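Novice: Please read through the structure below; I'll follow up with questions.
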Amino acid sequence: MHETTILLIEVGALLFALGMLGRLGRRFGLSPIPLYLLAGLAFGHGGLLPLSASEEFIEVGAEIGVILLLVMLGLEYSATELVGNLRASASSGVLDMLLNALPGAGFAFLLGWGWEAALVLAGITWVSSSGVIAKVLGDLGRLGNRETPVILSVLVIEDLAMAFYLPLVTAVLAGVGLVGGLEALAVAVVTVIAVLVVAIRYGGAISSFMSVRDPEALLLSVLGLTLFVAGVAAELNVSAAVGAFLVGIALSGAVAHRATEMLSPLRDLFAAVFFVFFGLSTNPADMPPVLLPALGLAVLTMLTKVATGWVAAKRVGIALPGRVRAGLALMPRGEFSVVIAGLAVASGLEPELAPLATAYVLITVVSGPMLARLPDYPWFKAFIRRRVALSRPPAPLAAPE
């Protein structure tokens with residue numbers, strides 16, 4: 001059979017299966033993300049029915065999925081809101097790094113690995129998955145909640161930090177020395193600052209070149225600009241996801257609103273492909289030996305993420321239910337953690353690191369979306385109401401007449 005024919009059959013069958021899984025998950029009140037990941041495991045290396053012709057196609061689709069998830073996040077907020085949120089959440093970003101990167105580094109030393117592996121594992125446990133969290137917030141209808149800007153601020157700080165972290169780690173793992181690492185870091189800094197300046201100062205001018213009266217031209221323009229900027233950012237060793245997010249920030253007004261409506265179906269399609277690809281790249285046979293250490297690390301750092309979201313939301317005056325939602329939403333790790341682990345694998349660093357990182361990310365990305373739904377259950381809401389009532393000071397006794 002012709003290779004293109006096999007590709008069409010595999011992709012068609014996979015997408016139909018994902019549609020059925022998504023429908024099944026929603027019927028039982030579950031996020032479809034864990035089901036997509038399990039489908040990837042079933043069709044990946046060492047799975048029940050490996051895909052042969054479509055893996056490269058799915059890999060490209062997965063990259064587009066991350067880009068679309070991030071540009072859609074950027075479209076929700078203006079450049080002014082971004083700067084304000086970053087200033088307000090800078091201290092939360094530092095707390096996030098300390099609470100979540102240090103456990104990863106300490107775990108690496110505990111396993112007897114060197115400082116390079118500690119640097120890598122620190123990044124894997126530090127950064128949450130913007131793609132997964134964006135999908136969860138959309139699925140749960142929380143994009144308009146008061147705590148959502150806090151969550152996005154933490155994610156933006158992490159993504160911008162990755163724009164500096166990834167070139168540095170790449171240089172360290174390549175053994176180019178301090179000078180090479182500083183050069184890579186300098187390129188990343190200049191690139192991010194340049195894109196931020198363009199997004200903040202010239203976002204209105206960029207939007208004026210596009211018209212909401214021509215939907216086809218608008219869709220092609222926004223999608224083309226997003227992919228172009230993401231590709232340039234990746235070529236300069238800055239995350240493609242960061243570039244896509246900043247494109248979303250740059251667009252404003254009616255253009256941003258219409259682009260959100262038009263890109264939503266594409267985002268859902270390619271986001272599903274992204275989660276499937278993550279499962280495809282995982283060999284289930286590599287997981288059992290590192291499952292317990294990965295589970296212990298996942299439990300620890302999911303709790304530290306809850307603490308991060310709780311503190312960040314509390315600092316801006318959000319009530320107890322919002323703090324809980326913010327903390328639970330930040331738990332999943334994803335695309336950046338996979339990229340960092342891939343850099344370590346390519347450099348030949350610690351053969352156990354890759355399956356450990358894969359198992360760790362898989363645990364957080366399966367359990368995270370499920371736990372994020374807890375605040376929506378009636379018994380959990382009742383528990384929170386009791387906690388709020390107990391925390392209030394008792395009413396003063398009425399004076400006797």
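The values are calculated or read from the model by the stated rules, or taken from the named source; none is laboratory data. Note that the coordinates shown come from a computational prediction; the quantities given were computed from them, not determined experimentally. Neighbour counts are summed over all protein chains in view; Cβ atoms, including those assigned to glycine, are modelled from backbone coordinates with ideal geometry.
Novice: Do we find a residue being under 25 Å from ARG87 (Cβ atoms) and either modelled with pLDDT of 80 or more or of a type in the set (S, T, N, Q) (or both) anywhere in the stretch 340-362? Steps first, please.
Specialist: Quick first cut of the stretch 340-362, residues under 25 Å from ARG87 (Cβ atoms) only: none.
For the stretch 340-362, residues under 25 Å from ARG87 (Cβ atoms) and either modelled with pLDDT of 80 or more or of a type in the set (S, T, N, Q) (or both): absent.
Novice: Is there a residue being buried (at least 24 other Cβ atoms within 10 Å of the Cβ) and in contact with a Ser or Thr (Cβ under 6 Å, 6 or more places away or on another chain) anywhere in the stretch 225-236?
Specialist: No, that holds for no residue.
Novice: Might you check whether a residue that is modelled with pLDDT of 75 or more, surrounded by fewer than 20 Cβ atoms within 10 Å (Cβ to Cβ) and not in a helix (DSSP H, G or I) occurs anywhere in the stretch 145-165?
Specialist: Yes, there is a match, as at least one residue in the stretch 145-165 is modelled with pLDDT of 75 or more, surrounded by fewer than 20 Cβ atoms within 10 Å (Cβ to Cβ) and not in a helix (DSSP H, G or I).
Novice: Of the residues VAL120, VAL127, VAL83, VAL132, which is touching a Pro at 6+ places or on another chain (Cβ under 6 Å) and touching a residue at least 40 places away in the same chain (Cβ under 8 Å)? Give the steps one after another, and end with the answer.
Specialist: On the way: VAL120 fails: touching a Pro at 6+ places or on another chain (Cβ under 6 Å); VAL127 fails: touching a Pro at 6+ places or on another chain (Cβ under 6 Å); VAL83 fails: touching a Pro at 6+ places or on another chain (Cβ under 6 Å).
Only one candidate passes the filter, namely VAL132.
Novice: Let me ask something additional. Just for helices (runs of 4 or more DSSP H) wholly inside the stretch 201-311: which have at least 1 residues that are modelled with pLDDT under 85 and in contact with a Lys or Arg (Cβ under 8 Å, 6 or more places away or on another chain)?
Specialist: Numbers: elements: 215-235, 240-250, 253-280.
In the stretch 201-311, the matching helices (runs of 4 or more DSSP H) lie at 253-280.
Novice: Applying the selection to the stretch 335-382, what residues are in a loop (DSSP other than H, G, I, E, B), within 22 Å of the chain's Cα centre (by Cα) and of a type outside the set (D, E, K, R)? Break it down into steps so the answer makes sense when it comes.
Specialist: Taking the stretch 335-382 as the starting set, the residues that turn out to be in a loop (DSSP other than H, G, I, E, B) are 347-352, 372-373, 377.
Cutting the leftovers down to within 22 Å of the chain's Cα centre (by Cα) gives us 372-373.
The one that is in a loop (DSSP other than H, G, I, E, B), within 22 Å of the chain's Cα centre (by Cα) and of a type outside the set (D, E, K, R): ALA372.
Novice: Another one. Give SER221, SER153, SER208 a once-over and let me know the one that is among the polar types (S, T, N, Q), farther than 22 Å from GLY65 by Cβ and without any contact (Cβ under 8 Å) to a residue 24 or more places away in the chain. Show your work before the answer.
Specialist: Numbers: SER221 fails: farther than 22 Å from GLY65 by Cβ; SER153 fails: without any contact (Cβ under 8 Å) to a residue 24 or more places away in the chain.
Within the list SER221, SER153, SER208, the selection yields SER208.
Novice: Here are VAL232, VAL255, VAL247, VAL242: which of them is of a type in the set (A, V, I, L, M, F, W, C), out of contact with any Gly (no Cβ under 6 Å at 6 or more places or on another chain) and more than 21 Å from PHE164 (Cα to Cα)?
Specialist: Numbers: VAL232 fails: more than 21 Å from PHE164 (Cα to Cα); VAL247 fails: more than 21 Å from PHE164 (Cα to Cα); VAL242 fails: more than 21 Å from PHE164 (Cα to Cα).
The unique qualifying residue is VAL255.
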